[in-house]
């Protein structure tokens, strides 16, 4: 039998809600204590076995539960179906191994167990699920962490990994690609952690080439070392080693090579899951969960309160906060596209999928990541990368433009009506770069951020006002006293049409002098929607901390200049789609090849 996963009984009190659903049991010093005469379930995200995934991808037919226990009682195993309905499949005395038939579970379903404690209570110190799957792959797995000026987070992760002896047994080593100015190796405590990891730690320093540059360097080092696979990992995370090991075990047991993705939970809200699976919606060519109501869901109530997690989910890609990629895939399809940030994970997994290497987002393999919901990067410099990389990915993998140009144009119109001229300017420049072709991607990998930020100097909306500034204090003396959203979101084509028409008419009017001198109102960030801001001529939008913000002002000349350019650029994209797709697809193998990446991240000084 092959070990699939061990019982997790660690972590913060909030995180333990992912280990055990509410019940009488308590975890003390890593031991589950169940009081006399009570029943404790393990129907929780971290301790349920996502059997459907193992059946589908490894061919497993039977599972075995083993527990290390003290005390008397019974244990029963339950199995869910694709609808989340559960029933008992076997039971026995505590301490006896229990076998379960997995027939019919390829489409969905989990396994979990319940402990009924006898006289004196029962204690569970360890447990594991085993499967009759084969270990089809071996060799070294490299956990490659890309970091940029988050040395405290990175060092904490290294310390956690150094504490896990099983990583040594599983032939897992650790690599850090440090792209920052505050080096991890300069942190207090690094020498001690490095000594504990010994030759299992490898640190690489390079300039900041973004996520794609850091992850590609990690891939390249993995290939050069002759390792079996790379598990790429973000820096601002907290990890549970068992969750990483689950991805490693699944990879080694898969009937054919697959990319094994891990889920992302919110570091500030430890039971809230980003999304269960991610796909690229082909009509608009945008990423997201298959259904929007499966995003940012709280799983603290256990598996029985979340029926949507029981069907086996299909994924087009997995975010690169945690993703295991076999070296065979890298040798076949190449490394990341040189995108700096955004869409590099989606494009890579789409490319791998087309070559016969699907992505499996494996429940129970996960980490905790700093959420990006406190900041809207779609209106800052990253807006350039969002559009450029989305369009390039569509050119490489979509059958045609479909609704993408129209969707992008609609986004630009919303931003323009909301007086967000900077991101629209970036979008247009991004489209121009796409049309110019792929030659600039590698050459400008280290300068693309500076170029995008420089455009902000042309737009007053990028100036940030803080407490103490005259503009800020004049209208936001009490940052808590801000206007609530007063305009409802337009729904339906007629309401949307009327909204756009009113907004266009408003842009024809000159900006009142009073609105030039100071904002006419203040909006919290969460209230500053694309349908609320156009109701004002001049508005201060507060940041999440409400002690700073940006001043949005209607600018008639800028609005119409960018609107005309947007129509032209999106029409040009549509008109030239086929020729652009051919050009980008011809260049893609060269852009993603290890040889090309080597010349970017580690150029030969003698050449």
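The values are calculated or read from the model by the stated rules, or taken from the named source; none is laboratory data. As the structure is a prediction and not an experimental result, all values here were calculated from the model. Ideal geometry is used to build each Cβ from the backbone, glycine not excepted, and the neighbour counts take in all protein chains shown.
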Q: Could you check segment 238-300 for strands (runs of 3 or more DSSP E) lying wholly inside it with 2 or more residues that are farther than 19 Å from residue 14 by Cβ?
A: 259-266, 279-281, 286-288
Q) Among (1) surrounded by fewer than 23 Cβ atoms within 10 Å (Cβ to Cβ); (2) part of a loop (DSSP other than H, G, I, E, B), which single condition is residue 235 missing? A) (1)
Q.
Kindly evaluate residue 193 against the criterion of being touching a residue at least 12 places away in the same chain (Cβ under 8 Å), surrounded by 14 or more Cβ atoms within 10 Å (Cβ to Cβ) and assigned to a strand (DSSP E or B).
A. no
Q. When residue 124 is evaluated against the numbered criteria (1) farther than 24 Å from residue 10 by Cα; (2) assigned to a strand (DSSP E or B), which criterion, by number, is the only one it fails?
A. (1)
Q) Among 17, 32, 2, 9, which is the only one that is more than 21 Å from residue 98 (Cα to Cα) and either surrounded by 14 or more Cβ atoms within 10 Å (Cβ to Cβ) or without any contact (Cβ under 8 Å) to a residue 60 or more places away in the chain (or both)? A) 17
Q. Which of the following residues is farther than 25 Å from residue 595 by Cα and without any contact (Cβ under 8 Å) to a residue 60 or more places away in the chain: 282, 291, 246?
A. 291
Q | Enumeration of residues in segment 163-184 that are in a helix (DSSP H, G or I) and either surrounded by fewer than 21 Cβ atoms within 10 Å (Cβ to Cβ) or on the phi > 0 side of the Ramachandran plot (or both) | A | 166, 168, 169
Q.
So residue 110 passes all but one of these: (1) more than 12 Å from residue 63 (Cα to Cα); (2) under 28 Å from the mean Cα position of the chain (by Cα). Which condition number does it fail?
A. (1)
**Q.** Which numbered condition residue 107 misses (of (1) within 22 Å of residue 24 (Cα to Cα); (2) modelled with pLDDT of 95 or more; (3) surrounded by fewer than 18 Cβ atoms within 10 Å (Cβ to Cβ))
**A.** (1)
Q. Can you tell me which residues in segment 356-377 are under 20 Å from residue 287 (Cα atoms), part of a loop (DSSP other than H, G, I, E, B) and out of contact with any strand residue (DSSP E or B) (no Cβ under 9 Å at 6 or more places or on another chain)?
A. 372, 374, 375, 376
Q: Answer with yes or no whether residue 446 is at pLDDT 85 or above and not in a helix (DSSP H, G or I).
A: yes
Q) Does segment 320-339 contain at least one residue that is without any contact (Cβ under 8 Å) to a residue 60 or more places away in the chain, within 25 Å of residue 297 (Cα to Cα), assigned by TED's automatic domain parsing to the domain that holds residue 253 and outside any strand (DSSP E or B)? A) no
